[in-house]
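Student: Just dropping this structure here.
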Amino acid sequence: MPKSITITNEADIKLLSDPYRIRILDTFKSFGRSATVKQVADRLGDTSAKVTFHVKKLIGLGLLTLDHTEMVNGIVAKFYQLEYETIHVEPQDASRTVEFRPMLDTLLRMLQQDLRDLSGSQAQHSLLSHETLYLTDEQALAYREAMTALAQGSHEPREGARPYAAYHALLLKQEATAEPESTHPKNQGGNVR
């Protein structure tokens with residue numbers, strides 16, 4: 001399986017940003033092998049018809065592919081697999097962020113659930129942080145490449161390795177605008193409390 005794909009097309013990002021499609025991809029990943037639509041639907045507690053509709057969209061994006069077919073109780077069962085370990089989203093027009101809201105909401109719910117599921121011993125091996133980093137464009141690219149390189153090759157179970165939920169975001173923040181000197185309280189003779 002190729003390591004990663006970067007999606008830049010706005011229409012493709014919109015298709016991917018559907019929260020249910022993200023759950024379907026996550027469910028396929030949780031099997032650790034190819035799975036049928038019915039298996040995914042059962043795990044999600046939904047109908048095969050609903051999952052099939054979204055799986056077709058994900059196949060159209062090239063994120064899922066048919067792995068093989070098997071005869072199961074006289075019916076041809078289609079087994080699909082994830083095509084990529086990691087999906088990066090980089091819009092061509094960075095000013096159009098409205099399509100990210102559903103994806104962000106889904107990722108935040110997943111993070112909340114992972115945090116609720118932590119036990120005491122798991123918590124000591126976990127890290128959740130927020131920092132403002134001042135990086136050049138080259139440093140930001142190097143940071144992203146380092147995080148991607150660290151994650152590559154870590155998507156399959158192996159001896160001695162334990163599963164960690166990893167959430168990565170490197171977002172360019174809008175620069176804060178400085179207050180005009182005349183409106184700052186210290187320049188108006190008042191006390192700052």
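Laboratory data are not the source of any read-out in this text; all were calculated from the coordinates shown. Just so we're clear, the structure is a prediction, and the values are computed from it rather than from any experiment. Backbone-built Cβ (ideal geometry, glycine too); neighbour counts: all protein chains shown.
Student: Where a Cα-Cα gap under 12 Å defines reach, which aspartates and glutamates qualify for K173, not counting those fewer than 8 residues away within the same chain?
Tutor: Output for K173: E131.
Student: Any idea how far the Cα center of region 4-20 sits from the one of region 37-67, in Å?
Tutor: Their Cα centres are 16 Å away from one another.
Student: Here's a follow-up. Taking the Cα-to-Cβ direction at A151 and at R33 and moving 7 Å from each Cα, how far apart do the two end points lie in nm?
Tutor: Roughly 2.6 nm, to one decimal.
Student: Pairs K14/K38; K56/K78; K29/K56; K3/K50; K14/K57; K3/K29: which exceed 22 Å Cα-Cα? Present the calculation step by step, with values, prior to reporting the outcome.
Tutor: Working: K14/K38 25 Å; K56/K78 12 Å; K29/K56 17 Å; K3/K50 28 Å; K14/K57 11 Å; K3/K29 13 Å.
Violating the 22 Å Cα-Cα cut-off are K14/K38; K3/K50.
Student: Please list, by residue number, every one of the chymotrypsin sites (Phe, Trp or Tyr not before Pro) in region 124-165 that is coil in DSSP and has at most 10 other beta-carbon atoms within 10 Å.
Tutor: Y134
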